[in-house]
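What follows is a single structure, written as structure tokens, with notes after it.
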Amino acid sequence: MKLFIYHTPELTPPDPLPDCAVVIDVLRATSTIATALKVGAEAVQTFSSLEELIEAGKQWPTEKRLLAGERGGAKVEGCDLGNSPLDCTPELMADKRLFLTTTNGTRALQRVKLANSVITAAMINRRAAVQYLLEKQPETVWLVGSGWEGGYSLEDTVCAGAIADLLVQTENVTVGNDEVIAAIALYQQWQDNLLELFEKASHGQRLLRLNGSEDLKYCATLDSLDILPIQKEPSVLVKW
């Protein structure tokens, strides 16, 4: 297994796609996706544009779907939900499809949706992602951070480092680019203070201004969910 980390979808090579792509948007899309599936959502369908989400939602029975839209960290008017994993309760999500569009994470999913295998990871389900990769042994793996509007984000890179830190301890994993080494170093420096790092990060600061401190605490919790979202068809994620 050869491991590559890309800080944003824009930094990924144009061709070829990897055997497995791991999309990371810790604050908060991939944390929300994992939580929604854990509490009983039928699937999470992602969209890069709000217009596409609304149109697709119209084709689904109202009682069987929830529209979740976020831009700039805030809930989009007209949607049922924003992008907080704390809104994902069993009572709300059970047997429903979550239609989700966010500022960054859903754009990253669009970039790699044609890869042989696509999974999503966050701090909360880091170990589940690692277990999947060790079991399936894809030849090439991209850990793709979502970043913020094309730029670097600390929280996605430290999560990629947390995944890589476990993987490189096994004999059959090799490092594909320098970003892997840098991400592991970031994680090893901050592994005992992830919440503090998230609070320093620019998007963490943005969420704090939007009263998102509880979201930060939740998203900074390592290995709290034994759930792995996997793409069953382009842009549709289910529980593996």
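Filtering region 107-152 to residues that are at pLDDT 95 or above, among the hydroxyl-bearing types (Ser, Thr, Tyr) and open to solvent by less than 10 Å² (accessible area, probe 1.4 Å) leaves only 120. So residue 218 fits all but one of (1) open to solvent by 50 Å² or more (accessible area, probe 1.4 Å); (2) out of contact with any Ser or Thr (no Cβ under 8 Å at 6 or more places or on another chain); (3) not charged (D, E, K, R); what number is the exception? Every condition holds for residue 218 apart from (2).
Among the conditions (1) of a type in the set (A, V, I, L, M); (2) at pLDDT 95 or above; (3) more than 21 Å from the chain's Cα centre (by Cα), residue 41 misses just one, which is (3). Reported count of residues in region 210-219, each being assigned to a helix (DSSP H, G or I) and in contact (Cβ under 8 Å) with a residue 60 or more places away in the chain, is 5. Residue 168 meets the conditions (1) over 24 Å from residue 202 (Cα atoms); (2) under 18 Å from the mean Cα position of the chain (by Cα) in every case but one. The failed one is (2). Set side by side, the residues 116, 104 differ, and just one is within 30 Å of residue 190 (Cα to Cα) and of a type in the set (S, T, N, Q), which is 104.
Can you tell which of 81, 154 is aliphatic (A, V, I, L, M), touching a His at 6+ places or on another chain (Cβ under 9 Å) and free of Cβ contacts under 8 Å to residues at least 60 places away in the same chain? Working first, answer last.
Values: 81 fails: touching a His at 6+ places or on another chain (Cβ under 9 Å).
So the residue among 81, 154 that is aliphatic (A, V, I, L, M), touching a His at 6+ places or on another chain (Cβ under 9 Å) and free of Cβ contacts under 8 Å to residues at least 60 places away in the same chain is 154.
Within region 177-196, at least one residue is crowded, with 19+ Cβ neighbours inside 10 Å, touching an Asp or Glu at 6+ places or on another chain (Cβ under 6 Å) and more than 20 Å from residue 105 (Cβ to Cβ). Scanning region 66-89 for residues that are under 17 Å from residue 30 (Cβ atoms) and modelled with pLDDT of 90 or more turns up 68, 81, 84, 85, 86, 87, 88.
No other residue among 68, 160, 94, 128 is touching a helix residue (DSSP H, G or I) at 6+ places or on another chain (Cβ under 6 Å) and aliphatic (A, V, I, L, M) apart from 160. With respect to the conditions (1) surrounded by fewer than 21 Cβ atoms within 10 Å (Cβ to Cβ); (2) in contact with a Phe, Trp or Tyr (Cβ under 6 Å, 6 or more places away or on another chain); (3) not aliphatic (A, V, I, L, M), residue 161 lacks only one, and its number is (1). With respect to being at pLDDT 95 or above and in contact with a strand residue (DSSP E or B) (Cβ under 8 Å, 6 or more places away or on another chain), residue 236 fits the description.
The values are calculated or read from the model by the stated rules, or taken from the named source; none is laboratory data. As the structure is a computational prediction, the values presented were derived from the model and not from experiment. Using ideal geometry, Cβ is built from the backbone for each residue, glycine included, and neighbour counts are taken over all protein chains shown. The area values use the complete protein model at the heavy-atom level, side chains included, leaving out ligands, DNA and RNA. Shrake-Rupley method; radii C 1.70, N 1.55, O 1.52, S 1.80 Å.
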